[in-house]
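Asker: Input: one structure, supplied below.
What follows draws every value from the coordinates through simple rules; no lab data is involved. Bear in mind the structure is a predicted one, so any value in this text is a computation, not a measurement.
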Amino acid sequence: DAQEGLLAFVRDGHIEVVTGRERLQLGRGETGFAGTAGLTIRPLLTPLFLEFDRIPLPNSTNSMLSTVFGDTGLRPLNQCR
């Protein structure tokens, strides 16, 4: 709980967490942790701040963003996906 390191939760796709000592493959719905000592683990429980992350996904619609684009006349052709 109190260890420093990187926590990652994969919403979609596949990632690889690499430390100086280990590699951890993670797929959709999996959580991984890489500690400062170089060890990687899959926590039994996903921390709530990761599971219920409020940052919107790139493909989610955001009515406020659409309003801003509409008001300026810009079209979101190069929107992140």
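Asker: Could you give me the ³J(HN,Hα) list for the stretch 37-44, computed from phi with Karplus coefficients 6.51, -1.76, 1.60 and θ = phi - 60°, whole Hz, x at Gly and Pro?
Answerer: Working through the residues one at a time gives 7, x, 8, 10, 9, 9, x, 5 Hz.
Asker: Counting pairs of alpha carbon atoms under 8 Å apart in space and at least six apart in sequence, what relative contact order in percent does the stretch 1-54 give?
Answerer: The value is 33 percent.
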